[in-house]
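First comes the structure, then the notes that go with it.
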Amino acid sequence: MMINISDLMNTLATQRKAYHSEADFQHAFAWEVHRLFPKSSVRLERPLNVNGKTLHLDFLIQLPERAMAVELKYKMRKLVIELEGEAFSLASHSAQDIGRYDFIKDIIRLENIASSLASCEGYAVLLTNDSAYWKPRATGTVDEAFSLTEGRTLGKSMAWTEKASDGTKKNREKDLQLIGEYKLNWQDFSSASTESYGQFRYLAVHVPKRV
């Protein structure tokens, strides 16, 4: 038995086209996993001891003979809409440079977990209505190494440029080093509105089991 993330996200999209917050998205995701796999164990905010360090994980899903570690992120741009009688007023997160850094850091966390727990694979999922995450970008930005644009392959060492301010790098000074390589493939999630930022897309990066 294996969870197909694309099928799961498609099912979620038929139920709701948008979420109020990251916690709202996480709750819907966990509920759908439990509904589809009632015999699975779904643990939220599970701390794991990996190589002597405690790593906090959004989800640990225990299936027969395998486990799946999942990190979810939900990045929003301002959008005020009504969907099936429910009002949505999404705030604008901005700080996309930090969002990119943190998403890649999630992949590294999943690599560490997949290398330490037997029969465990991982998925890092980013759902957003902010097209700045998937559209082509100008060169020379301070976070160019962390770009998540469509078709890019993530891998090896990534770092801020010398132009990055101390404020931008605060608590995120370290270079990021991936074990594997990951080609980025954005998928449509929903068209919640014809207004600006009404389209939602998601990026799902699979981290294979390593032990």
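The values are calculated or read from the model by the stated rules, or taken from the named source; none is laboratory data. Keep in mind that this is a model prediction, so the values were computed, not measured. FYI the Cβ positions are ideal-geometry reconstructions off the backbone, even for glycines, and counts take in every protein chain you see. Remember, those area values only see protein heavy atoms, side chains included, never the ligands or the DNA or RNA. Shrake-Rupley method; radii C 1.70, N 1.55, O 1.52, S 1.80 Å.
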So, in the stretch 25-58, of the ones that are outside any loop (DSSP other than H, G, I, E, B) and among the polar types (S, T, N, Q), which residue ends up surrounded by the most Cβ atoms within 10 Å (Cβ to Cβ)? GLN26
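Rundown of residues vs (1) assigned to a helix (DSSP H, G or I); (2) free of Cβ contacts under 8 Å to residues at least 60 places away in the same chain; (3) among the β-branched types (Val, Ile, Thr), yes/no style:
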{"residue": "ARG100", "(1), (2), (3)": "yes, yes, no"}
{"residue": "ILE108", "(1), (2), (3)": "yes, no, yes"}
{"residue": "GLY122", "(1), (2), (3)": "no, no, no"}
{"residue": "GLY140", "(1), (2), (3)": "no, yes, no"}
Report yes if some residue within the stretch 50-67 is under 18 Å from the mean Cα position of the chain (by Cα) and over 20 Å from LYS209 (Cα atoms); otherwise report no. no
Only one of these is closer than 16 Å to GLN96 by Cα and open to solvent by 50 Å² or more (accessible area, probe 1.4 Å): LYS170, LYS174. Name it. LYS170
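Results for (1) under 30 Å from PRO38 (Cβ atoms); (2) of a type outside the set (Gly, Ala, Ser); (3) open to solvent by 60 Å² or more (accessible area, probe 1.4 Å), shown as yes or no for each residue.
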position	(1), (2), (3)
GLN62	yes, yes, yes
GLU65	yes, yes, yes
LEU83	yes, yes, no
SER89	no, no, yes
ALA118	yes, no, yes
Against the condition of a type in the set (D, E, K, R), surrounded by fewer than 16 Cβ atoms within 10 Å (Cβ to Cβ) and either modelled with pLDDT under 90 or not in a helix (DSSP H, G or I) (or both), how does LYS17 come out, does it pass? no
From LEU60, LEU44, LEU8, LEU72, residue being touching a Ser or Thr at 6+ places or on another chain (Cβ under 9 Å) and of a type in the set (A, V, I, L, M): LEU60
